[in-house]
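Novice: Handing you this structure, nothing more for now.
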Amino acid sequence: MNIGTWNVQSISGKIEEITKELEVLKMDIVALTETKRKGNGTELSNNYVHIFSGVAKHERAKRDFESIDENIIRVNMNINQKSVTIFGVYAISDDEPYHKKDDFFGKLNEEITKIGNGRELIILGDFNGRVGRRTNNKNHKDIHKYTWTQPTRNLKSIIDYVIVRQQTTLQINDVRPYRGITCGSDHYLVKAKIKFPFRRDKRGETNRNYEHTERTESKRYNLDSLTTESTRQLYHKRLDEKRITQNSSKNNSVEEVYANILSNLHSAAEEALGSRAQVQSNNIWWNEEIDCLIKEKKNAYKKWLSSKQQQDGVAYLDYIYIYRTTRQKIRTAKREIWDKKCQEINTYLGGRKCAESWKFINQVKTSEKQTAQLQLIPMNKWKEHYEELLTENRQEYATISPTEINISGEVINIDIPQTKKAVAALKSNRGPGPENIPGELLKCGTENLFKA
């Protein structure tokens, strides 16, 4: 796996550029520091899941340490049957008072101690200073040994790190900064090639099927259309056409009846409601012109890096000029697209196209609320785990037949009114669960559905 860290010095307006650069190096996991992103949560950005943690939205982004939520983020993962804890760290600046730095590293040490020795540990981030004495440069050139440079003052240092335990089962093949990857930051992306050997279970067998991580694709139906009478009637018609009650006869087992109901619900929802497209990016201002400027800026950056003297004024000034032009174009594109949309909304409000205005506003709100659905452990792995956990294999119980258990009590009959009352109590806009059946589909169900 390719794991690394990168101080991007603000992620605002650069998320598209950053993700494209990460795809060039085929990065799997990257700790982005100094993003200046407020709040916390997860979001989708192209082919990556962005997990962010910053100051509260009503506070100003700052560098001094307050809590683990601001300068330290922790993610627990299972990679090739190995339990791994990854810390993303943005350390206190070296200019801060000593007591703040002591408090920060004391807090970091406390969080590391909580992990214990049973998990692999990887620490990624910008430590704003030299940490430790041992380095792994693999005989790289001097230009590939520094993670931060400031050519105008002839300064360079190693302040971005990929840290693992001294006694680890992970195989670190290579660690080095990549100078050709740029997003307008004076820090280089640090990439580590780490191999995660398979962990053998107690029986000495390697679970080869775990090598291919499964990802369940959950369908997101257009549930908002159920508010219209015509769509709701179409959904009822499709459900009745499935003949759920006829297919759910008494000869079938409970599992077969349940699978039949699920299949018919999904089929009716797909035919009547359709699927809702997942928004990958909310950067509606991104266009071909900006994309070409980004490529031109990167070429100028590489030309400046390839210069034997980085203090070369011509190459450096060319890069700075293109960099500033690109930033100005991005700001202008953002301002123009939002001015245009505001004018459209102002024109439509109160007229026949008033619905178009609210449609656009709802799209923007939905795009901002779009979060990533993380499923780190596939459902079949949970099933195998609990089947093994709940199976009795002890020798003293192998030859003894289980004792017959008599269950006595009042038989509870569940009728249709009780079922309807329980379904009506379901809350809307909630997670659909492992079977991907939203509560709205059940609440709008027909009489045949409740009979089944």
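Novice: For the range 174-189, just list the computed ³J(HN,Hα) in residue order, Karplus coefficients 6.51, -1.76 and 1.60, θ = phi - 60°, integers in Hz, with x standing in for Gly and Pro.
Specialist: Going residue by residue, I get 6, 9, 6, x, 10, 7, x, 8, 9, 9, x, 9, 8, 9, 9, 6 Hz, with x marking Gly and Pro.
Novice: Among the listed pairs 302/341; 219/242; 114/427; 14/383; 26/101, which are separated by more than 31 Å between their Cα atoms?
Specialist: Cα-Cα > 31 Å for 302/341; 114/427; 14/383; 26/101; rest within.
Novice: Shifting gears a bit: Can you give the three extents of the C-alpha atoms in the range 3-57 along their principal axes, from longest to shortest, in whole Å?
Specialist: 32, 20, 20
Throughout, read-outs are computed from the coordinates displayed, never taken from laboratory work. Since the model is a prediction, treat every value here as computed from it, not as a measurement.
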